[in-house]
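**Q** The following block contains the structure, expressed as C-alpha cells.
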Amino acid sequence: MKQRLREQALAEGFSAMGVCRPDAVPGAAGRLRDFLAAGRHGQMGWMEAREGWRGSPAALWPGARSVVMLAEAYTPEGDPLAGLAQPDRGVVSCYAQGKDYHDLVKRRLKRLGRWLVAETGAEIKVFVDTAPVMEKPLAQAAGLGWQGKHTNLLGKGLGNWVFLGAIFTTLELEPDAPEVSHCGSCTACLDICPTAAFPAPYQLDARRCISYLTIEHAGPVDEGLRGLMGNRIYGCDDCLAVCPWNKFAVAAREIGYAPRIGLPDLADLAGLDDAAFRARFAGSPVKRIGRNRLVRNVLYAIGNSGRATLAPVAAVLLGDSDPVVAEAARWAVGRLSQLQDDGVGPSGESC
Ligand code: B12
Ligand code: SF4
Ligand code: SF4
C-alpha cells in the first residue's frame, strides 16, 4: 500500500513522500518549549495557544497510526536575490510570487487523502502550515530530508524550495528511516542573514527574521531592524537562496507557483488603498497581511532606497488614517531627507 500511495502522491504532483509514526519526534516538544520560553515567537501567540498539540502529534489525534509527510516543490527559475539590487522596487519572496500555496497544497493533499480512503477505508486528516503540527521535524523523521542550519527542511535530491503537508491516518504504514543533517561545516545561510536572526545553527529567533517582521509582526518594526530589511516587503529568501544543496533542487511542477507579482514598483504600491490592494493581490498569500501592513513595509523599503525621488511618495502618507503607516512615512521621509542633506546615497554614491 505504501508503494502505491507513493506512486499516487508523485502522480498528483508531490515531489517526495515519507512516513513516520505520530510519536516519532519526541525531542520537538522540548525545543518548542525552549523557543517559546525565550520569546522567540514574538507576537505569534497562536504558537503558545496550542503548544501541547503542536509539540505532540500523537496527542493531536490519538487515533492516528501513521503520518504521511509530503513535499511540494516551488523552486524558482531565476535568482530570487536579484531584485535586492533594485532599491526602487519591492522584493516579494518567491514562495509568495504565485497563487497561495495553502490552497494548492491542501487541494492536492485532499485528493491524495480521498484516494487513500477509497482504497483502504482508513480515516484521514490533512494539514498544511496553519494546524498545530510541527511539519519540519515530522518530515525529517519521515526521511524526506533534514532541518538545515536555517531550520527549514531540505533534501539531497530535493533542495530547500519545498512546501510541506501532512496526512494523518488511522492506517498502519511502514515508517521510513529518518534523515540526518548533511549541512557539515557549511554556514552559508547563517552568514548571509541580514538581521543576524540565528542565535545558533538550527535555531531561529523569529523576532529578528524579515519573514516574521514583514508578514506576522503588527505595529511598528524596531527602528534598528528597519534599516536591515532593505527592499524586502513580503518574506525573505536569503538564507534559502544560498544553500548549496539547491544545485540538486527538483523543479516546480505546479503551474500555480509561476511568478505573477514580479518586482513591483514601490511608488505604485505606496498608492494602494484597500480596494486596490485587494484587487491586486487576490489569490496571493500577500493578501492576508492587508493593505496597511504591506504599505508599512513599502515605506520601510522607500526609507532604505536612498532615492530622494521617492520622498514625495512617502510624504503623501504622512496623514494616513493608519497610525503605523503614518509613522513609517515619517521615518521614510526623515531618512531620505537626511541623505539629501548629506548629499550621498546609502552606498556612498552621490544622489
Ligand atoms: C512559525 C513559522 C514561521 C515563523 C518562524 C520560523 C521558524 N523557523 O520557526 C516565521 C514567520 C519566521 C517563518 C518564516 C518562514 N517560513 Co515558516 N512556518 C512556521 C510554522 C507555522 C511553524 C514552525 C515552527 O513550529 N517553529 C517553531 C520552532 C521551535 O520549530 P522549528 O523551526 O522546527 O525548530 C526546530 C529547530 O529549532 C530545532 N533545533 C533547535 N535546536 C537544535 C539543535 C540541533 C543540533 C538540531 C539538529 C535542531 C535544533 O528543533 C526545533 C524542532 O525541531 C511552519 C508550518 C508548520 N505548521 O510547521 C511554517 C514553515 C516552517 N514555514 C515555511 C516557509 C516556506 C517559511 C519561509 C521560507 C517563508 C519566506 N520565504 O519568507 C520563512 C523561512 C525563515 C526561516 N529561516 O525559518 C515552510 C518551510 C518548508 C520547509 N522546506 O521547511 C513551513 C513548513 C510551511 C509549509 N507548510 O510549507 N515561518
Ligand atoms: S528568512 Fe531572511 S531574515 Fe529570516 S532567517 Fe532567513 S535570511 Fe534571515
Ligand atoms: S546553507 Fe549550508 S548550513 Fe545552511 S541549510 Fe544549506 S547546507 Fe545547511
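The values are calculated or read from the model by the stated rules, or taken from the named source; none is laboratory data. Worth saying up front: this structure is predicted, and the values here are computed from it rather than measured. Because the Cβ atoms are built from the backbone with ideal geometry, glycine has one as well, and the counts that use them run over all protein chains shown.
**Q** State all residues of segment 262-285 that are touching an Asp or Glu at 6+ places or on another chain (Cβ under 7 Å) and within 13 Å of SER93 (Cβ to Cβ); if no residue qualifies, say none.
**A** Those that are touching an Asp or Glu at 6+ places or on another chain (Cβ under 7 Å) and within 13 Å of SER93 (Cβ to Cβ): SER284, PRO285.
**Q** It is to be established whether one or more residues within segment 153-165 are away from ligand 2 (no atom under 16 Å from the Cβ), of a type in the set (Gly, Ala, Ser) and more than 20 Å from TRP115 (Cβ to Cβ). Before you say what the answer is, go through the steps one by one.
**A** Step one: list which residues in segment 153-165 are away from ligand 2 (no atom under 16 Å from the Cβ), which gives 155-158, 164-165.
Checking which are of a type in the set (Gly, Ala, Ser) leaves us with 155, 157, 165.
So of that shortlist, the ones also more than 20 Å from TRP115 (Cβ to Cβ) come out as 155, 157.
Yes, some residue in segment 153-165 is away from ligand 2 (no atom under 16 Å from the Cβ), of a type in the set (Gly, Ala, Ser) and more than 20 Å from TRP115 (Cβ to Cβ).
**Q** Next up: Being of a type in the set (Asp, Glu) and either touching a residue at least 60 places away in the same chain (Cβ under 8 Å) or in contact with a Leu (Cβ under 6 Å, 6 or more places away or on another chain) (or both) is the filter; apply it to segment 166-194 and report the residue that is nearest to ligand 2 (Cβ to nearest atom).
**A** Of all residues in segment 166-194, those of a type in the set (Asp, Glu) come to 172, 174, 176, 179, 191.
Narrowing the set further to residues that are either touching a residue at least 60 places away in the same chain (Cβ under 8 Å) or in contact with a Leu (Cβ under 6 Å, 6 or more places away or on another chain) (or both) leaves 172, 174, 176.
Working: GLU172: 38, GLU174: 35, ASP176: 28 Å.
Result: ASP176.
**Q** Something else now. Restricting to segment 195-219, give me the number of residues that are within 20 Å of ALA37 (Cβ to Cβ), assigned to a helix (DSSP H, G or I) and near ligand 2 (Cβ under 9 Å from one of its atoms).
**A** So the count comes out to 3.
**Q** Which of the residues that make up segment 133-147 are part of a loop (DSSP other than H, G, I, E, B) and under 15 Å from the mean Cα position of the chain (by Cα)?
**A** Step one: filter segment 133-147 for residues part of a loop (DSSP other than H, G, I, E, B), giving 133-134, 142-145.
Residue satisfying the conditions is MET134 alone.
**Q** Something else about it: Quick check on ASP191: is it more than 15 Å from ligand 3 (Cβ to nearest atom) and of a type in the set (D, E, K, R)? Before you say what the answer is, go through the steps one by one.
**A** Numbers: more than 15 Å from ligand 3 (Cβ to nearest atom): no; of a type in the set (D, E, K, R): yes.
Spelling it out, it is not the case that ASP191 is more than 15 Å from ligand 3 (Cβ to nearest atom) and of a type in the set (D, E, K, R).
**Q** Next question, about the same structure. Out of all the residues in segment 160-172, is one or more part of a loop (DSSP other than H, G, I, E, B), away from ligand 3 (no atom under 11 Å from the Cβ) and surrounded by fewer than 20 Cβ atoms within 10 Å (Cβ to Cβ)? Can you show your working first?
**A** Initially, segment 160-172 is screened for residues part of a loop (DSSP other than H, G, I, E, B), giving 160-161, 170-172.
Checking which are away from ligand 3 (no atom under 11 Å from the Cβ) leaves us with 161, 170-172.
So of that shortlist, the ones also surrounded by fewer than 20 Cβ atoms within 10 Å (Cβ to Cβ) come out as 170, 172.
Yes: segment 160-172 contains one or more residues that are part of a loop (DSSP other than H, G, I, E, B), away from ligand 3 (no atom under 11 Å from the Cβ) and surrounded by fewer than 20 Cβ atoms within 10 Å (Cβ to Cβ).
**Q** Any chance segment 211-232 includes a residue that's within 16 Å of ligand 3 (Cβ to nearest atom), among the charged types (D, E, K, R), closer than 25 Å to THR151 by Cβ and modelled with pLDDT of 95 or more? Before you say what the answer is, go through the steps one by one.
**A** Initial filter on segment 211-232 (within 16 Å of ligand 3 (Cβ to nearest atom)): 211.
Filter again for among the charged types (D, E, K, R), leaving none.
No, the conditions are met nowhere in segment 211-232.
**Q** Here is a follow-up. Looking at segment 209-230, is at least one residue away from ligand 1 (no atom under 15 Å from the Cβ), small (Gly, Ala, Ser) and more than 23 Å from GLN43 (Cβ to Cβ)?
**A** No, the conditions are met nowhere in segment 209-230.
**Q** Scan GLY18, GLY42 and give me the residue that is surrounded by 19 or more Cβ atoms within 10 Å (Cβ to Cβ) and in contact (Cβ under 8 Å) with a residue 12 or more places away in the chain. Step through it out loud before you land on a result.
**A** Values: GLY42 fails: surrounded by 19 or more Cβ atoms within 10 Å (Cβ to Cβ).
Residue meeting the stated conditions: GLY18.
**Q** Also, quick follow-up: List every residue pair whose Cβ atoms sit under 8 Å apart, with the two residues 6 or more apart in sequence or on different chains, where the first one lies in segment 140-151 and is hydroxyl-bearing (Ser, Thr, Tyr) and the second, anywhere, is more than 13 Å from ligand 2 (Cβ to nearest atom).
**A** Qualifying pairs under 8 Å: THR151/LYS136.
**Q** Need at least 1 residues that are at pLDDT 95 or above and polar (S, T, N, Q) per element, so show me which helices (runs of 4 or more DSSP H) inside segment 1-70 make the cut, counting only ones lying wholly within it. Even if it seems obvious, please write down each step before you answer.
**A** Working: elements: 2-12, 28-37, 45-49, 51-55, 57-60.
Qualifying helices (runs of 4 or more DSSP H): 2-12.
**Q** Something else about it: Just to be sure before I move on: is ALA122 assigned by TED's automatic domain parsing to the domain that holds LYS106, surrounded by fewer than 22 Cβ atoms within 10 Å (Cβ to Cβ) and either part of a loop (DSSP other than H, G, I, E, B) or touching an Asp or Glu at 6+ places or on another chain (Cβ under 7 Å) (or both) in the structure I sent?
**A** Details: assigned by TED's automatic domain parsing to the domain that holds LYS106: yes; surrounded by fewer than 22 Cβ atoms within 10 Å (Cβ to Cβ): yes; either part of a loop (DSSP other than H, G, I, E, B) or touching an Asp or Glu at 6+ places or on another chain (Cβ under 7 Å) (or both): yes.
So ALA122 passes the test.
**Q** Here is a list of conditions, (1) under 17 Å from GLY90 (Cα atoms); (2) within 16 Å of ligand 3 (Cβ to nearest atom); (3) surrounded by fewer than 19 Cβ atoms within 10 Å (Cβ to Cβ), and PRO259 meets all of them except one; can you say which number that is?
**A** Unmet condition: (2).
**Q** Of the conditions (1) in a helix (DSSP H, G or I); (2) surrounded by fewer than 20 Cβ atoms within 10 Å (Cβ to Cβ); (3) at pLDDT 95 or above, THR75 fails just one. Which one is it?
**A** (1)
**Q** Ok, one more. Consider segment 179-194. How many of its residues are part of a loop (DSSP other than H, G, I, E, B) and of a type in the set (Val, Ile, Thr)? Quick ask: steps written out before the conclusion?
**A** Start the filter on segment 179-194 by keeping residues that are part of a loop (DSSP other than H, G, I, E, B), which leaves 179-187, 193-194.
Then drop every residue that is not of a type in the set (Val, Ile, Thr), which leaves 180, 187.
Matching residues across segment 179-194 total 2.
**Q** Those residues that are more than 13 Å from ligand 1 (Cβ to nearest atom) and either modelled with pLDDT under 95 or not small (Gly, Ala, Ser) (or both), I need them from segment 169-186; list them, please.
**A** Those that are more than 13 Å from ligand 1 (Cβ to nearest atom) and either modelled with pLDDT under 95 or not small (Gly, Ala, Ser) (or both): THR169, THR170, LEU171, GLU172, LEU173, GLU174, PRO175, ASP176, CYS186.
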